[in-house]
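One structure is given here, and the rest of the page talks about it.
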Amino acid sequence: MACNLPRHVRSGAIATLLAAGDLAGARAAEPGGAMIASRTTIGRTWPVAEPDALAEIEARVATLPRDMGKAFGPRATWTALKAAPLGVAGADRVRSVVPFYTLDFGIALPDGKTLYPKGFTFNPLTYVRLPQRLVVVHPRDLGWALREARASDFILLSALGTQNGDAIELGERTGRPIFILEERVKQRLGLTVAPVIVEQSGARLVLTEYGPSSRSRGATGTGALR
């Protein structure tokens, strides 16, 4: 019997029938009459070579000492929590920095053609957007930072002489994540003093430094300094 259905309808019907046939062929009847699904393999398969990430984490954690304090001493001596030092802002000042980055290695395509040579210099802010401000303070000015910072801002602690501050303890006490200022971040952003608020403006970073008078007035907002 001839089929007068349009071609696209016939194609859809054939695809549906094929799918139904595959599904039926992938099932086997149990003695009680119930149907159970069986697995069908199409094409070549290989075992998963990568280890399970969660299993790796659990195995690594199992090797760590139960009491980290006894194993590594008090957090005050942990080098990983040592912040980069900054001077004290002596006056209100606004300046801008372009965080140019220079490749210390070349980047090549799979065919060996050089995409970016070693020494290539570019401005990352041309391609990305910094979604939040960075509020960088010494531990003694943390209260000022908490008043000044927006909900989306990152608060970073810098060292002042022997005053480093425990970012973990301060974060737990204030209920807000507190980070340390790393030396490489200090260098990349061109930071010299604190308190300072860093935010992106187009293809540059604007660094707003707060002197003693501004800190004593509390939250002033960066707009007052411009």
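See the values below:
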| read-out | value |
| --- | --- |
| Amide proton proximity set for residue 180, modelled H, under 5 Å, gap of 5+ | 157 |
| Cβ charges +1 (Lys, Arg) and -1 (Asp, Glu), total dipole of the stretch 113-226, debye | 460 debye |
| Ordering of 43-52, 171-180 by packing [mean C-beta count within 10 Å, highest first] | 171-180, 43-52 |
| Hydrodynamic radius by Kirkwood, which averages 1/r over all alpha carbon pairs of the stretch 95-197, in angstrom | 15.9 Å |
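Coordinate-derived values only; no laboratory data. In this text, all values refer to a predicted model and were calculated from it rather than measured experimentally. In this analysis, Cβ positions are derived from the backbone assuming ideal geometry, glycine residues included, and neighbour counts consider all displayed protein chains.
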